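Here the structure comes first, spelled out in C-alpha cells, and everything after it is commentary.
The values are calculated or read from the model by the stated rules, or taken from the named source; none is laboratory data. Model, not experiment: these values are computed from the prediction. Cβ coordinates were reconstructed from backbone atoms using ideal geometry, including for glycine residues, and neighbour counts include every protein chain displayed.
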Amino acid sequence: NEQPEEAPFAAQLVDSELGQSVRLDARGYQVAQLLRSPQTVDGLASQLETTMEVVEKVLDLFTRLHLLDTESSELFVTEALQTRAWQEGHPEEIPLLIRDDAAFSCTMCGSCCGGHNVGPVSAEVVAGLKDKRQALLARTGSSKGLFFAVPVGRDGQAEDQIVCHSRSGSCVFLSGDRRCVIHEDYGPEYKPEVCRLFPYQFVATPKGIAVSLSMECRGFAEAKNGQALKNQESGLRELLNIVPNLRRVRPVLLLDELNPIAYVEYENIENELHALVDQHEGQPIQTLLAMRESLFKAQGRDCTAEIAECDATTLRSHFSMLMQHTIKMAEALVQQYGKDDSEAHVHTETLEELAAAATSIMSDLPRVMGPLDRPSQGQLFQQVMHHQLMGKELTQTRTVVLGMARLSYSWFMSHALMIVRARQVKRRHLVDQDVMDGVVVMSFLLRNQGFMDDFQACDDALVSLFYERLPALLLHAGEIAGSDGRVEFYKF
C-alpha cells in the first residue's frame with residue numbers, strides 16, 4: 001500500500017496470511033516492488049544502483065520477517081492456513097485436542113455466578129428473554145431489573161457491556177438451590193453464551209482445537225475429579241458453535257525477541273513442559289525451575305551461566321518496584337469504578353486482597369517461594385499448570401519466554417493471595433480452597449484489559465526477575481524478605 005508523500009514512511013507491506021504488516025522506507029519499497037518477480041541479488045543491486053551489501057541487508061530483514069518465499073516462511077503460512085481452517089470449519093470435522101487426565105463436572109457451587117458481574121450478555125440473549133421478562137422478574141424477585149450496562153475500557157474509548165444484575169453478591173438469576181433460573185425454566189439455550197461456555201476454553205491451533213478449563217472456577221478443586229473431558233466430546237462440539245471469538249495461536253511464534261519458531265517446534269517444547277509438570281509431582285519450585293531450564297535449552301543457552309544483578313540488595317529493590325507497580329494498578333482499578341453511592345454498591349474486596357498480597361509478599365517471600373502445605377494442593381498445582389499450558393497461554397504473549405515469566409509471576413502472586421486469605425480467618429496452614437481462590441484471582445486479573453494495558457510496561461521486569469533471575473530470587477528469598485518492627489495489637 002503506497003502512502004501519501006507527507007507520510008514518514010514510503011509504504012506498508014501487509015501479509016494477510018501471517019497477520020503482520022511492515023512499514024517500508026523508500027529503499028525497502030523499491031526492493032519490494034522489484035521482488036514481485038524472482039530476482040538475483042546482483043540483479044537487484046544493479047537495478048537499485050547500490051551495493052550488494054545494502055541489498056543483502058534489506059533481504060535479511062525481509063527474510064527475518066518471513067516475507068520472502070523460503071522454506072520456513074512456507075511452513076508458517078501452511079500452519080496459519082490450517083489454523084484458520086479449524087477456526088472456520090464445521091465443529092463435527094475439527095480434531096479436539098484434549099489431555100487424557102483432564103476432567104470436570106460442575107458441582108453447582110455457584111462460584112461462577114457470584115463475586116463478579118456475570119457477562120457479557122449478548123443482544124441476542126436479551127432479545128430472546130424479552131417475552132419472559134415479567135416471569136423472570138417475578139421468579140427472581142428482583143426490584144432492580146435483570147440486566148444493566150457497564151462501561152468497559154478506558155475513558156474516551158469505553159464501550160457499554162451488558163451484564164446481569166447481582167443480588168447479595170450473586171447473579172440475580174441464581175436461585176436458593178444454586179441453580180440458574182433461566183436454565184431451569186427455559187433451558188440452557190436461553191442462557192448467556194458466557195454461562196454456557198464456562199469453564200471450557202477453546203484455542204485454534206494448526207493441529208486442531210485445544211480444549212482446556214479456565215482457572216476461574218473456584219470449585220475446580222472438587223470438580224477436577226469429575227467426568228473426563230474426552231468423554232464430553234459431543235457436548236464440547238456443540239459449545240464450539242457459540243464461541244464468540246475463537247482464540248488462535250499466533251501465526252508466527254517468537255521463542256524470544258530474536259527467535260521465531262513454527263508451531264510444530266512450540267508443540268515439542270510444550271510437550272516437554274507437560275512432562276516436567278508430571279515429573280516433579282506438584283512441587284511448584286522444582287517444576288518452574290525445570291520449565292525455565294527447558295526453555296533455556298530451546299534458546300540454546302546454558303542455564304547455569306552467570307547472570308548479572310543477582311545479589312540480594314538489587315533483587316530486593318527490583319522486586320519491590322514491581323510489587324509497588326502492582327499495588328498502584330490495583331488501586332487504579334478501584335478508583336476507575338468509583339465508590340458506593342445511592343445508585344450502586346461497588347465491591348472492591350478482590351482488588352484489596354490483591355493489594356494486600358503485593359504488600360505482604362516481601363515479608364512472606366520465603367513461604368511464597370516454598371512448597372505447598374499438603375499433597376492434595378500439589379496435585380491441584382499440577383492440574384492448574386496443565387490447563388494453563390493446554391490453554392496455550394505461552395503463545396498468547398509477545399514471546400514464549402514472556403509467557404513463562406508471567407506464569408511464574410502469576411503462581412507466586414497466587415501463593416501470596418492464598419496466605420493472605422488464610423490469615424484473614426486466623427489460619428496458618430492452607431487448605432485446598434485457599435489454593436484455588438488464589439489462582440482464580442490472578443487468572444481474573446491477567447484477563448482484565450484495564451490491568452493488562454498498564455501491566456505490559458512490566459514485561460521486561462517480569463522476564464528479568466521471574467525468568468532470567470528466578471534461581472537467584474529463590475536462593476535469596478530469605479534475605480530479600482523484609483521485617484515489620486511495629487507492635488501488633490489486637491483490639492478484639
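Considering only residues that are assigned to a loop (DSSP other than H, G, I, E, B) and not hydroxyl-bearing (Ser, Thr, Tyr), look in the range 295-304 and name the one that is farthest from the chain's Cα centre (by Cα).
302
Each row is one residue, and each column tells you yes or no for (1) small (Gly, Ala, Ser); (2) touching a helix residue (DSSP H, G or I) at 6+ places or on another chain (Cβ under 6 Å).
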{"site": "429", "(1), (2)": "no, no"}
{"site": "437", "(1), (2)": "no, yes"}
{"site": "443", "(1), (2)": "yes, no"}
{"site": "449", "(1), (2)": "no, no"}
{"site": "467", "(1), (2)": "no, yes"}
{"site": "475", "(1), (2)": "no, no"}
{"site": "478", "(1), (2)": "yes, yes"}
{"site": "485", "(1), (2)": "yes, no"}
{"site": "488", "(1), (2)": "no, no"}
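Six or more apart or on different chains, Cβ atoms under 8 Å: show the pairs whose first residue is in the range 84-97 and farther than 16 Å from residue 233 by Cβ and modelled with pLDDT of 85 or more and whose second is of a type in the set (Val, Ile, Thr) and surrounded by fewer than 16 Cβ atoms within 10 Å (Cβ to Cβ).
If the second residue must be of a type in the set (Val, Ile, Thr) and surrounded by fewer than 16 Cβ atoms within 10 Å (Cβ to Cβ), no pairs are left.
Considering the range 341-373 alone, what residues qualify as being under 29 Å from residue 165 (Cβ atoms) and in a loop (DSSP other than H, G, I, E, B)?
Of the residues in the range 341-373, the ones under 29 Å from residue 165 (Cβ atoms) are 341-356.
The answer is 341, 342, 343, 344, 345, 346, 347, 348.
From the list 174, 146, 197, which one is in contact with a Cys (Cβ under 6 Å, 6 or more places away or on another chain) and either closer than 24 Å to residue 233 by Cα or not assigned by the TED database to the domain that holds residue 452 (or both)?
Working: 146 fails: in contact with a Cys (Cβ under 6 Å, 6 or more places away or on another chain); 197 fails: in contact with a Cys (Cβ under 6 Å, 6 or more places away or on another chain).
None of the others qualify; the one that does is 174.
Does the range 37-63 hold any residues that are under 30 Å from residue 249 (Cβ atoms) and either among the polar types (S, T, N, Q) or without any contact (Cβ under 8 Å) to a residue 12 or more places away in the chain (or both), and which are they?
Hits for the range 37-63 are 60, 63.
Only one of (1) touching a Pro at 6+ places or on another chain (Cβ under 9 Å); (2) buried (at least 21 other Cβ atoms within 10 Å of the Cβ) fails for residue 394. Which number is that?
All conditions are met except number (1).
Does residue 110 meet the test of being of a type in the set (Gly, Ala, Ser), in the same structural domain as residue 221 (by the TED database), surrounded by fewer than 18 Cβ atoms within 10 Å (Cβ to Cβ) and at positive phi?
In short, no.
Can you confirm whether residue 278 is at pLDDT 95 or above, in the same structural domain as residue 467 (by the TED database) and either of a type outside the set (A, V, I, L, M, F, W, C) or exposed (fewer than 15 other Cβ atoms within 10 Å of the Cβ) (or both)?
yes
Taking the range 211-246 as the region of interest, how many residues are within 25 Å of residue 122 (Cα to Cα) and not acidic (Asp, Glu)?
Here is the first cut: in the range 211-246, the ones within 25 Å of residue 122 (Cα to Cα) are 211-218, 234-246.
Next, only the ones that are not acidic (Asp, Glu) stay: 211-215, 217-218, 234-237, 239-246.
Here the count works out to 19.
Please pick out the residue among 447, 398 that is assigned to a loop (DSSP other than H, G, I, E, B), closer than 24 Å to residue 110 by Cα and modelled with pLDDT under 95.
Exactly one residue qualifies, and that residue is 447.
What helices (runs of 4 or more DSSP H) completely inside the range 67-180 contain at least 2 residues that are of a type in the set (Ser, Thr, Tyr)?
Output list reads 71-88.
Taking the range 305-340 as the search range and keeping residues that are loosely packed, with under 14 Cβ neighbours inside 10 Å and under 21 Å from the mean Cα position of the chain (by Cα), which one is farthest from residue 293 (Cα to Cα)?
332
Quick check on the range 235-275: of everything there that is β-branched (Val, Ile, Thr) and surrounded by fewer than 16 Cβ atoms within 10 Å (Cβ to Cβ), which residue is nearest to residue 87 (Cα to Cα)?
Residue satisfying both the conditions and the ranking: 242.
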